[in-house]
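One structure is given below, encoded as structure tokens.
The values are calculated or read from the model by the stated rules, or taken from the named source; none is laboratory data. Since this is a predicted model, take the numbers as computed values, not measurements. Because the Cβ atoms are built from the backbone with ideal geometry, glycine has one as well, and the counts that use them run over all protein chains shown. Accessible surface is based on the protein model in full, side chains and every heavy atom, while ligands, DNA and RNA are left aside. Shrake-Rupley method; radii C 1.70, N 1.55, O 1.52, S 1.80 Å.
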Amino acid sequence: MTLEERLIAYVDGELAAPDRAAFEAELAADPTLADKVAGHRRLAARISSAYAPVLGEPAPPQLVAIASAANDRGAGRRLPRWAAMAAGLVIGVVAGRALWPEPGPLAVRGGELIARGGLDQALTSRLAADGGALRVGLTFKARDGRYCRTFRSAEDRLAGLACRHDGRWVALATAAWAPAPSPDYRTAASGDPPAVLAAVDAAIAGETLDPAAERAARDRGWKP
Amino acid sequence: MDGLEREIVELLPRLRRLARALARAPADADDLVQVTVERALVRRGQWRPGTRLDSWMFRIMKNAWIDESRARTRRGALFAPEAAGEAVGDDGAAAMAARLAAREVETAMARLPQDQRIAVALVLVDGLSYQEAAEVLEIPAGTLTSRLVRGRAALLADLGEAAP
């Protein structure tokens, strides 16, 4: 390996122990080399941190819908392989636009992502205190007066924020969510994922509703 | 039914981050992620459960990115224009400084040749080991290392990190 190759391998933790010890001995004796290592370390940290915020952004609902829609097809009825492939081809053609009236937590309608089935029911009727595998978290009023609620579905491994509009719950943000403790890029085990909370911060007017106000809003049918 | 789609949803943050390092413009990056997910679903029979889904999908993304870049070159199309000064809004000064620093990195990455850019993205942005990155790219480890050396030298020169 050239010196440059050994240098970056050292910075990346890719040198095996004997090579690493040899390189560190050179490093101790050569201030110029030490400066180079420091420069490479700063570069690595800078590149990594420049893209790190993307991990916390909510994935575009359209992307989540593509995978989720396909998922529900398979989960509901055991389709043969050719059908799954055909479904994939259909997805390739219509992705992000139409989609089919299949079961699933979210459906694309007129360019919006609409809660349906169990998620729609939970957002409409469930209170935060109810718990369960499909939980509603925060409830609040958005700046435009609509009611919005966060949700977490263990079964769908999906969290999100949806707001009431024309009798439907429109998802403003979704994020992958796992109910168990999970490593780095996944979201925290308890509470709503940071991406969803960021969407809450962007939409909320005032404070979240307390349990009594939450119940009262539900009992009025979420009318603004 | 395997949980492929759920695993893909969980992988979306990393797919999006890698795509941003490759395609730069956020809209192009999410288009790239969408093509990657669609191809993965169409080719689901090729993925063996128990093997690394991230490596498999990164490889699909690499091929999709190269295909798309060639198609754009043929069409003479421009990449989506950069929205200069976008979304600085009412960020605090620290957030804005971080955003500007990130934009410098994005600009420097965009100047790298494709083979160097994806090598740097896999190792420095996603944090794969050399062996994992070489497998994604389907190249020998020595080739990966030399691309990393050249890519990093260009980034150091561009970003002015060479001097302490």
Of all residues in segment A:27-69 being touching a residue at least 24 places away in the same chain (Cβ under 8 Å) and among the charged types (D, E, K, R), the one that is least open to solvent (accessible area, probe 1.4 Å):
A:E57
Kindly provide the set of residues from segment B:5-27 that are facing another protein chain (nearest Cβ under 7 Å), among the charged types (D, E, K, R) and within 13 Å of the chain's Cα centre (by Cα), ordered by number.
B:R14, B:R16, B:R17, B:R20
Counting only residues in segment B:147-158 that are touching a helix residue (DSSP H, G or I) at 6+ places or on another chain (Cβ under 8 Å) and either more than 7 Å from chain A (Cβ to nearest Cβ) or in a loop (DSSP other than H, G, I, E, B) (or both), the one farthest from B:F58 (Cα to Cα) is identified as B:D158
Are there helices (runs of 4 or more DSSP H) fully within segment A:1-87 with at least 3 residues that are more than 28 Å from the chain's Cα centre (by Cα) and at pLDDT 85 or above? List them.
A:3-11, A:17-29, A:31-51
For segment B:109-126, state whether one or more residues are polar (S, T, N, Q) and within 11 Å of chain A (Cβ to nearest Cβ).
no
Taking strands (runs of 3 or more DSSP E) that fall entirely within segment A:109-177, which contain at least 2 residues that are of a type in the set (F, W, Y)?
A:147-153
What is the one condition in (1) touching a Leu at 6+ places or on another chain (Cβ under 9 Å); (2) in contact (Cβ under 8 Å) with a residue 24 or more places away in the chain that B:R39 does not satisfy?
(1)
Which condition does B:E104 not pass, out of (1) charged (D, E, K, R); (2) within 18 Å of B:G151 (Cα to Cα); (3) at pLDDT below 75, if it passes all the others?
(3)
